[in-house]
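Encoded as structure tokens, the structure appears first; notes follow it.
The values are calculated or read from the model by the stated rules, or taken from the named source; none is laboratory data. No experiment lies behind these values; they were computed from the predicted model shown. Don't worry about glycine lacking a Cβ; one is built from the backbone with ideal geometry, like all the others, and counts go over all protein chains shown. Heads up: the accessible areas ignore ligands, DNA and RNA and are worked out on the full protein's heavy atoms, side chains in. Shrake-Rupley method; radii C 1.70, N 1.55, O 1.52, S 1.80 Å.
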Amino acid sequence: MMIQKPKGTVDILPSDIGIWHYIEQVARKLMANYCYHEIRTPIFESFDLFSRGVGETTDVVTKEMYDFYDKGERHIALKPEGTAPIVRSFIENKLYGPDHLKPYKVYYISPMFRYERPQGGRQRQFHQLGVEVFGGTTAASDVESMALAVDILNKLGVKDLKLVINSLGDTEARLAYRQALIDYLEPHFDELSEDSKTRLYQNPLRVLDSKDKKDKVIVQGAPSILDYLSEESKARFEGVKSLLETLDIAYEVDVNMVRGLDYYQDTIFEIMTNDQVFGAETTICGGGNYGNLVKELSEGRQDVPGFGFAIGMERLILLMQAQQVPVPQDESLQVYVVTIGDETIPQAMKIVHSLRQQGVSCEMDVNHKKPKKQFKDADRRGALYTLTLGEEELAKANINVKNLQTGLEKTLKMDQVLADFSQIEELMKEGKE
Ligand code: HAM
């Protein structure tokens, strides 16, 4: 049988790449405006980084890791998410450094790996565009990152998104709430889904997030985490809400919203869509505060809070395509050099070579196609100009230039093309002699 790509992976072909480039370009510009710098960490990390960082009982760690032992018997995992690796790098490279670098702001665009059941917007290799901020200690820092996520999606022209926020409080609040939730759910134990039964004692907050219909009805009456927040967490959450209002960013509070990864505390948020393309409400971007992760992974040596988010690139692209968001195409071919007769090929190559060095995108036929086919090729590929070289032009050191948009055609000196094609473009635009 012919070898095919692994299940849950996708080839991003040249015909699909335009939208990726566009999103990356818009996002990079905005992230630079917000003073974030790019960071690139390895695709694989030690398995323990995720079991300790993301949480031993999370689906990501228990069910979805691509992990293996390498030839040196090291337990390795392909990264399922970007935060734990960046926290590792932050600690290992001592990026907590001097005060003037605080908060320390980075972004990444990277493939991630989760062994999930593939469906629309869910793959086993997917891509995240994410940011992490270290050392921001106030609501203002939370809101700055959230505003960036919203800004990226708005700038791209995505419509009908909903920003949902919640607060998970600090560890103490979560422990108290955890118990309150168990007390509330226990009488309903027999009615809960199998998944929720297992989660009830391991990670009861995840029951709130269940997609099961019966579970959803049960959790509607559950106590609210917001009633368990410390004064400090309450103030921070109030600060987040009021700053979102200051920035005119619409939001909803969902007290039942939790996240699939264990490192969060205080502010969490998701940006969701109800677009039919996904069949159900779907999260495009998720993130929040992880106040203790640096402390945990540095074994208490550093105590720097973090905040970040990640946008799922494939989901974003599906949504943009469903909403028919206009996407500028990558630059098309500028010049196609047509050769008439094999003896013109060396000179044509010289022209192509020179044009490429001048920064002009340029192509010629290398397979002895008939001139008619070459013209067709130039047309099909959307070339702006053809430069045609036949025996006569070669003998007189001329070349025939045609603007394929206007039909204007001129015979010009070869030297002019070799010296500066931009002048010829001017000439051909204006129709000057
Ligand atoms: P997450 O919610 O697990 O958060 O993932 C963020 C986004 O990645 C999701 O909202 C979704 O768009 C996309 N995503 C997740 N899994 C898949 C998949 N299997 N296929 C396609 N897209 C997927 C995180 O990963 C956190 N590290 C975000 C964060 C950064 N929190 C703080 N900093």
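Key figures
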read-out: Residue in the stretch 42-54 that is crowded, with 16+ Cβ neighbours inside 10 Å and of a type in the set (D, E, K, R) present; value: yes
read-out: Condition check for A322: under 25 Å from Q125 (Cα atoms), open to solvent by 10 Å² or more (accessible area, probe 1.4 Å), away from the ligand (no atom under 11 Å from the Cβ) and of a type outside the set (D, E, K, R); value: yes
read-out: Matching entry among Q123, Q119 (being out of contact with any strand residue (DSSP E or B) (no Cβ under 8 Å at 6 or more places or on another chain) and without any contact (Cβ under 8 Å) to a residue 24 or more places away in the chain); value: Q119
read-out: Matching residues, the stretch 273-293, being aliphatic (A, V, I, L, M) and either outside the structural domain of G82 (by the TED database) or away from the ligand (no atom under 12 Å from the Cβ) (or both); value: V277, A280
read-out: Any hit, the stretch 235-245, residues being outside any helix (DSSP H, G or I), without any contact (Cβ under 8 Å) to a residue 40 or more places away in the chain, of a type in the set (D, E, K, R) and surrounded by fewer than 21 Cβ atoms within 10 Å (Cβ to Cβ); value: no
read-out: Options K396, K350: the member that is assigned by the TED database to the domain that holds D420 and either loosely packed, with under 12 Cβ neighbours inside 10 Å or without any contact (Cβ under 8 Å) to a residue 60 or more places away in the chain (or both); value: K396
read-out: Test: L318 is within 17 Å of the chain's Cα centre (by Cα) and touching a residue at least 40 places away in the same chain (Cβ under 8 Å); value: yes
read-out: Any hit, the stretch 59-76, residues being over 25 Å from V207 (Cα atoms), away from the ligand (no atom under 14 Å from the Cβ), in a helix (DSSP H, G or I) and among the polar types (S, T, N, Q); value: no
read-out: Set E270, E252, E296: member being within 16 Å of the ligand (Cβ to nearest atom), open to solvent by 40 Å² or more (accessible area, probe 1.4 Å) and within 30 Å of D195 (Cβ to Cβ); value: E296
